[in-house]
Amino acid sequence: MTAHPGGLTSSPWNGSLRAVTHHPSHSTLRRVAVVGGGPAGLAAAEMLAGRVEVHVFDAMPSLGRKFLLAGKSGLNITHAEDFERFLGRFGVARATLEPALRTFTPDAIRHWAEELGVETFIGSSGRVFPRGMKASPLLRAWLARLRDAGVHLHPRHRWQGWDAAGALAFKTPDGSIQFPAAATLLALGGASWPRLGSTGDWTALLAARGVEVHPLRPANCGFDIDWSEHFRQRFAGTPVKSVTLSIGDRRMRGDFVVTRHGIEGSAVYVLSNALRDAIAVHGHTTLVLDLAPDRDLAHLAASLARPRGKASLANHLRKVTGLTPVKIAMLREVLASDELGDPGTLAKRIKGLPLTLLRPRPIAEAISSAGGIALDELDKDFMLKRLPGVFAAGEMLDWEAPTGGYLLTACLATGRAAGAGALAWCTTHNLR
Ligand SMILES: Cc1cc2nc3c(=O)[nH]c(=O)nc-3n(C[C@H](O)[C@H](O)[C@H](O)COP(=O)(O)OP(=O)(O)OC[C@H]3O[C@@H](n4cnc5c(N)ncnc54)[C@H](O)[C@@H]3O)c2cc1C
């Protein structure tokens, strides 16, 4: 390892990515490499543009692929709830993220999008979306503005670490190149949806430099349940609406979807960190469902005790409880026949049906990742304390948050904070 992976002692780059000479020059000292062209990296580039020479590298043929995917089902870019509540969504990571989030608030994000020609609106749940719901107009305008500001974009450059002289090493379709830089900003994302570019390969590169990196784990993810073949075939893809889900003292009212493997969807994602962590400790966990949250237990038991006559159990249940076929099938899937046959017990189970979750779905399917660079590896400017001149931002840091626009907000905010930090570093160390 060289003393200075930030590149202060490394050789300059003279304009052609393959040509490297060995005399530090003024232009090398002003040059900042942003590695990773997702929302965090682009936000960092925006802070640096026009002030230093900025180069953004990405492994993929085009930038911002996960950002574009996020826009497929409606780009939830931030959230308009009370800011104190908003900050609370980041749990133990709040202390580290708060200064960045206070500098680039949800209101500032809306203003930023509007400056890029994309008007936003607040949905009924407080979630904020672009009027057109998509990410592509925003990304197009953003990349154009960065290019106009002189930012150099280098797709198809896969970062491989540092060479012996401290220059960044990239693999490109034309071979390997080295890129010395005054400061480096890593924004390589987590490991969900790896086919869009974020593979998490960087974890080994940083761990080899002594940086503490916590294993990347699925966040905002689905879970496996051992459904019977009959239930799976009949109900995979069916929404289960208006239920209350709980684990321990955490409760969530909302909807989810039955899948071939188990369950997924917004209400499950909110509890997914608690469910995932409980499985890690116990090998499995129990998610408790209230299938009829608006009905009280005593009334439910009294309704179920009404004579059933010749009606099948399913028909009787539907008639007296109003439960949908998927909810009734779930009861039959989980309960023994004596529990189904006893109105008192059945009412209790409708109000508290235990579902055994076996494991989270693989990280490749998750919306986001938990784990990553331990937050105490960072200084207040998002610089890695062990690698002076190297900054990090976005999902590669060890924080997690539910869906609702919190992920993109924190990626944009930490990208900008790390960009400002890299600029201050250049100013202090190189340009005085
Ligand atoms: C289906 C889906 C829907 C989502 N919807 C929302 C939503 O509505 N709202 C919300 O807030 N969040 C949403 N998210 C999450 C959000 O998209 C991510 O949190 C965000 O994109 C992370 O930004 P990032 O810049 O940290 O990383 P990324 O967006 O993952 O970008 C990292 C970049 O680094 C590049 N890279 C990785 N390794 C290398 C390497 N070795 N060399 C060079 N380049 C490399 C990758 O190609 C990638 O372009 C969604 C995610 C998914 C999967």
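So what's the gap between the Cα centers of segment 223-255 and segment 325-343, to the nearest angstrom?
Spelled out, the Cα-based centre of one part sits 14 Å from the other.
With charges set only on the Cβ (+1 for Lys and Arg, -1 for Asp and Glu), what does the dipole of segment 25-132 come to about its Cα centre, in debye to the nearest 20?
300
Based on DSSP, what percent of beta bridges with both residues in segment 21-159 are antiparallel, to the nearest 5?
Close to 35 percent.
Place a +1 charge on the Cβ of each Lys and Arg in the chain and a -1 charge on the Cβ of each Asp and Glu, then give the dipole magnitude about the Cα centre in debye, rounded to the nearest 20.
Charge dipole of the chain: 1000 debye, to the nearest 20.
With both partners inside the chain, how many of the DSSP beta bridges are antiparallel, as a percent to the nearest 5?
70
Just the accessible area per residue of the chain, please: how many Å² with a 1.4 Å probe?
Using a 1.4 Å probe on heavy atoms only, each residue of the chain averages 43 Å².
Just to verify a number: what accessible area does Leu355 come out at with the full protein assembly present, 1.4 Å probe, Å² rounded to tens?
0
Leaving out ligands, DNA and RNA, and with a 1.4 Å probe, what % of the accessible surface on segment 273-432 is carbon or sulfur?
It is 54 percent, rounded to a whole number.
Positive end of the charge dipole of the chain (Lys, Arg +1 and Asp, Glu -1 on Cβ, about the Cα centre): tell me which of Gly404, Gly309, Gly37 has its Cα farthest that way.
The Cα lying farthest towards the positive end belongs to Gly309.
Rank these by accessible area, largest first, 1.4 Å probe: Glu264, Glu400.
So the residues, ranked largest to smallest area, are Glu264, Glu400.
What is the diffusion coefficient of segment 103-151 in µm²/s, taking the Kirkwood radius over Cα pairs and the Stokes-Einstein relation at 20 °C with a viscosity of 1.002 mPa s?
Estimated via Stokes-Einstein, D reaches 186 µm²/s.
Does anyone have the angle between helix 94-103 and the longest principal axis of the chain? Alpha-carbon axes, 0 to 90°, nearest 10?
Computed tilt is about 70 degrees.
Would you mind checking the tilt of helix 106-115 against the longest principal axis of the Cα atoms of the chain, expressed as 0 to 90 degrees and rounded to 10?
Result, in degrees: 60.
Cα-based Rg of the chain per 2.2 N^0.38 Å, rounded to two decimals?
Normalised by 2.2 N^0.38 Å, the Cα Rg of the chain equals 1.15.
Using only the alpha-carbon atoms of segment 290-432, report the extent along each of the three principal axes, biggest first, to the nearest angstrom.
Result for segment 290-432: principal-axis Cα extents of 89, 26, 21 Å.
Measure up Lys72/Lys385; Lys241/Lys348; Lys66/Lys351; Lys72/Lys380; Lys241/Lys310; Lys134/Lys241 against 31 Å on the Cα-Cα distance and list the ones that go over.
Pairs exceeding the cut-off: Lys72/Lys385; Lys66/Lys351; Lys72/Lys380.
To the nearest 20 Debye, how big is the dipole of segment 157-314 about its Cα centre, given +1 on the beta carbon of each Lys and Arg and -1 on that of each Asp and Glu?
The dipole of segment 157-314 has a size of about 640 debye.
Sort 303-314, 359-370, 75-86 by the packing proxy (mean of other Cβ within 10 Å over each peptide's residues), most packed first.
359-370, 75-86, 303-314
Which residues among segment 395-414 fall inside the zone where the amide N is under 17 Å from a point 7 Å beyond the Cα of Arg102, along Cα→Cβ?
410, 413-414
I need the per residue convex hull volume for segment 82-220, using only the alpha carbons, in cubic angstrom as a whole number.
Taking the convex hull of the Cα positions in segment 82-220, it is 176 Å³ per residue.
Tilt of helix 39-48 relative to the longest C-alpha principal axis of the chain, in degrees (0 to 90, nearest 10)?
30
The values are calculated or read from the model by the stated rules, or taken from the named source; none is laboratory data. Just so we're clear, the structure is a prediction, and the values are computed from it rather than from any experiment. No Cβ is skipped: glycine too gets one built from the backbone with ideal geometry, and neighbour counts run over all protein chains shown. Note: areas computed on protein heavy atoms with side chains; ligands, DNA, RNA excluded. Shrake-Rupley method; radii C 1.70, N 1.55, O 1.52, S 1.80 Å.
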